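The structure appears below as C-alpha cells.
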Amino acid sequence: MTAVTITGAEADPRRRLKVLASQEALLAIAVIGLAIAVGLYNPRFLAARNLSDVLLGNAYIAVAAVGMSMVIVSGNIDISVGALIGVLATISGTLAVNGAPIVVAWLAALVAGVLVMALQGAIIAYLRIPAIVVTLGMLSILKGGLISVTGGKWITDLPDSFHLADIELFGVLPFPVFLMILATILAALWMRYSASGRAIYAVGGNAEAARLCGISQPRTIVMVFALHGFFAGAAALLYATQLRVIQSTVPPNLELTIITASVVGGVSILGGVGTVVGSTLAAVLIAEIASALVFIDVSPYWIRAVQGVLILVTVIADILRRRRMAGA
Amino acid sequence: MSAMSEIPLPHTAKRVVPWWLLRHETMLAVILLVALIVLGGLNNRFLTLDNLLNQGRLTTEVGLIALPMTFIIITGGIDLSVGSIVGLCAILLGYSWKIFGFPLPLAICFSLLVGAAAGFLNGIVITKVKVPPLIMTIATLALYRGLAEGISQARSVRGYPEWFYFIGQENFFGVPAQLWLLLIAIVVAAIVLDRTTFGRTLYAIGNNETAARFSGLPVDRVKLIIYTLSGFMAGLSACVLVSRVTTTRSDMGIGYELDVIAAVVLGGTSIFGGVGTIWGTVVGLAMIQLLKNGLALTGVKGDATIVVIGTVLILSTLVASSLQRRREGV
C-alpha cells in the first residue's frame, strides 16, 4: 500500500494538477447540477432551510475528511476515525456537563484527538504495523470502550455556551460552514506550498525516493496522523454541539462516509495524489445526495448503496485514468 | 516491504530451542491452554463440555469466513466486505423465500450464489482493474450493506420451516450441526493450503507477486477464485446465522470483518502476505471465542470484550512482526 512505483505521468506536476483540477471542477458541477435537477423535480429541495441543513449538519464530515485526505495521500488509511469522533464528542460533552470551563471542554476534544491519532501514527510508522491493522484494532478499542464506559447513556443538559455549532459569525455565517471552509483553505495552502505539506505527497507517492531526498517517512506519518486527530477533534466538536444531546453510540459507518468523501474527492487511494478542496466538495455532494434521495421520494435506506457505487465508480475511474496517463 | 531489504545480521546466537517451539502457532496454542486453565479456575461453568461445544457453535459463522480470509491474507490481500456480504445474503435468503416465494432450498442456493457473485465482483475488479483489495472491499462494504438495507427497508423476515433450524440449532452425534460443517471446511482448507499446487501458489503470490507471475503461475485466476470463495463462504455463514437466530435482518454480520481478520492475524498469518497456516487460524478463532466467553463468564460486559479483541489484534501483530524481524536477523 505504501510503496507505489512512480510513473512518468505522475512525476510531471503540471499534468497531475490538470487532472486534479478537472476532478474538482467536475465535483463542483455535480454539486450545482444535482441541486438544479432535484430542485426542478421538487422545488422544496432548494429552500434555504434545507440547503443550510445539508451544509450545517454535514460540515463535520468535510472537516474530518480534510484530515482523512492527508492520511490517504500519505499512503495510509484510518478506519478508526468514526469511533474516535464519538469518543471525543463524549469526552468534551462530559467535561461541559460536569462544570469544566467551556474552552477546556472544547480543547480536550482537540488534544485527545491529536494524542490518540499520534499514537496510532507512531505504531504505524515506527513499529511498522500496517495502518489497516492498527486502526481496525483501535476502532474496536474505541467503540467498545465508549459503550463500556458510558453504559450507552446519552449526555443531556449541555450548557448553552457549549454549542459551538450554533455560533453565527457576523450574524450570518454559521460556524460549521466557516470552519469547513477555513480548514479546507488552510490545509490546501499548507499541503500545496509548505515543505512539510509537500512531504506528505512525497511519502505517499514514493517512500523510497522521499527517504533519499532526506524526508523522514516515520516523522511525516506521525505528523499526518496527529493533524488528522486535530481535525477529528474539530469534527467531533461540530458533531457534539449541533444537537442538544450527545448519543454515546458512535454514528454508524461514519468512517466510511469520511473515506468516501476523500476518495470521491479525488484523493488517490494509491497515495501521493489528491487535494482537500476535492474532498470537501465531495463531502457536500454526498450530503446533498442523501438529502436529494428524500426529496425525490427514494427511501433513505438506499443511501449507503449509493455511497458504495460512488466510491466504486470514482476509484475505478481514478485507476483507469492513471493507467491511460501512464500509457500515453 | 522494508523488512525484505534489511541486511541479515551475522549468525551470533546458537539455537537452544527447537524452531517449532518458537512458531507463532505453537506459542499461541500454549497461551490458549493457559487461558483455558485460568478461565476454568475462575469460573466452574467454563470448562464444561457443553459450554465448549456451545462456543464452537457460536464461532462457526466467523470461522467459515476466516478460512478463505486466511488464503486472501496469505496472498497479501484483504477482504473487508465479508460482514456486508453476510447481511446481503441473509436478506436475500429471507426475501427470496418470503416475498418472491422461492422454495427454501432454492432460496438458500440463490443466496449462496449471490455471495459467490459478490466475492467474484470483488475479485474481478481487484485483478482486472487492479484496484487495491483494501479499497475495493471498503467500497463493496458500503455497497453490499447498502443493498441489504435498501432491499429490506429495515423489515425482518422470520417464521422459517422447522427443518431449516437443523443446521443452526440441532446436534449431530452430540456435536452442534454447524460445528461439523466448520470441521469439514477446516480439513478441506488445510489440505488445499498444504498439499496442493493451488495452496503453494497462494504463498508464492504473497511472497512476491511479480516473481509468481514470471514463473507462469495463474496469479489472477487464483486471486479471483479466493475472493469468490470468500463471498461464497460469507453466504454460507449467513445461512448458518439465520438458522441459528431464526430471523433475518439487514444489520447481520456487522463487524464480522474485525473478528475474522483478528482471528487470522492472531493465528500468525502475516498481513504482509506470504506467511500463514489454517492451523494458526483455528487456534486464533478458538482464542477469540474463549476470550469472549471467558470474559463474559467472569462478568465482563460484551462491549468490553471487543476492546480486548482490538488490543489483542494490535499486540499480536506487534509480537509477530518483531519475531519475524528477529528470525530474519538470525
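The values are calculated or read from the model by the stated rules, or taken from the named source; none is laboratory data. None of the values given here were measured: they were computed from a predicted structure. All Cβ positions, even for glycine, are placed from backbone atoms using ideal geometry, and neighbour counts span all protein chains on display. SASA here: full protein model, heavy atoms, side chains in, ligands and nucleic acids out. Shrake-Rupley method; radii C 1.70, N 1.55, O 1.52, S 1.80 Å.
For the stretch B:234-257, how many residues are hydrophobic (A, V, I, L, M, F, W, C) and open to solvent by 20 Å² or more (accessible area, probe 1.4 Å)?
3
Can you list residue pairs whose Cβ atoms sit under 7 Å apart, with the first residue in the stretch A:311-324 being over 17 Å from B:Gly146 (Cα atoms) and the second being open to solvent by 40 Å² or more (accessible area, probe 1.4 Å) and modelled with pLDDT of 85 or more? Count only pairs 6 or more apart in sequence or on different chains. The qualifying pairs are A:Ile319/B:Lys130. Would you point out which residue out of B:Ser322, B:Ser316 is of a type outside the set (A, V, I, L, M), assigned to a helix (DSSP H, G or I), open to solvent by 40 Å² or more (accessible area, probe 1.4 Å) and within 11 Å of chain A (Cβ to nearest Cβ)? Only one candidate qualifies: B:Ser322. The residues of the stretch A:233-289 that are among the polar types (S, T, N, Q), in contact with a Ser or Thr (Cβ under 7 Å, 6 or more places away or on another chain) and open to solvent by 10 Å² or more (accessible area, probe 1.4 Å) amount to a single one, A:Thr280. Note on the stretch A:133-188: residues that are more than 18 Å from the chain's Cα centre (by Cα), part of a helix (DSSP H, G or I), more than 10 Å from chain B (Cβ to nearest Cβ) and without any contact (Cβ under 8 Å) to a residue 60 or more places away in the chain total 2.
Return yes or no: is A:Leu281 hydrophobic (A, V, I, L, M, F, W, C), in contact with an Asp or Glu (Cβ under 7 Å, 6 or more places away or on another chain) and modelled with pLDDT of 90 or more? So A:Leu281 fits the description; yes.
Of all residues in the stretch B:92-122, those satisfying the criterion of being open to solvent by less than 10 Å² (accessible area, probe 1.4 Å) and within 14 Å of another protein chain (Cβ to nearest Cβ) are B:Ala118, B:Asn122. A single entry from A:Val31, A:Val4 fulfils the requirement of being within 21 Å of A:Val263 (Cα to Cα), in contact with a Leu (Cβ under 7 Å, 6 or more places away or on another chain) and either surrounded by fewer than 12 Cβ atoms within 10 Å (Cβ to Cβ) or modelled with pLDDT under 85 (or both): A:Val4. In the stretch B:262-279, the residues that are of a type in the set (Ser, Thr, Tyr) reach residues that are open to solvent by less than 20 Å² (accessible area, probe 1.4 Å) and assigned to a loop (DSSP other than H, G, I, E, B) with C-beta atoms within less than 7 angstrom, at least six apart or across chains, in these pairs: B:Thr269/B:Gly276; B:Ser270/B:Gly276; B:Thr277/B:Gly268. One residue alone among A:Ala108, A:Ala64, A:Ala100, A:Ala118 is in contact (Cβ under 8 Å) with a residue 40 or more places away in the chain and either open to solvent by 10 Å² or more (accessible area, probe 1.4 Å) or within 14 Å of another protein chain (Cβ to nearest Cβ) (or both), and that residue is A:Ala118.
Between B:Gly280, B:Gly274, the distinction of being under 23 Å from B:Thr75 (Cβ atoms), more than 11 Å from every other protein chain (Cβ to nearest Cβ) and under 16 Å from the mean Cα position of the chain (by Cα) belongs to B:Gly280 only.
Restricting to the stretch B:132-162, and then to whatever is among the hydrophobic types (A, V, I, L, M, F, W, C) and over 22 Å from the mean Cα position of the chain (by Cα), can you tell me which residue is least open to solvent (accessible area, probe 1.4 Å)?
Taking the stretch B:132-162 and keeping what is among the hydrophobic types (A, V, I, L, M, F, W, C), we get B:134-136, B:138-139, B:141-143, B:147-148, B:151, B:154, B:157.
Next, only the ones that are over 22 Å from the mean Cα position of the chain (by Cα) stay: B:147, B:151, B:154, B:157.
Details: B:Leu147: 56, B:Ile151: 51, B:Ala154: 63, B:Val157: 8 Å².
Ranking the candidates gives B:Val157 first.
Scanning the stretch B:152-167 for residues being among the hydrophobic types (A, V, I, L, M, F, W, C) and not in a helix (DSSP H, G or I) gives a total of 2. Within the stretch B:123-135, the set of residues being touching a residue at least 24 places away in the same chain (Cβ under 8 Å) and either within 7 Å of chain A (Cβ to nearest Cβ) or among the acidic types (Asp, Glu) (or both) comprises B:Leu134 only. Restricting the search to helices (runs of 4 or more DSSP H) fully inside the stretch A:220-328 and requiring at least 1 residues that are under 19 Å from B:Ile126 (Cα atoms) and facing chain B (nearest Cβ under 9 Å) gives A:254-264, A:303-327.
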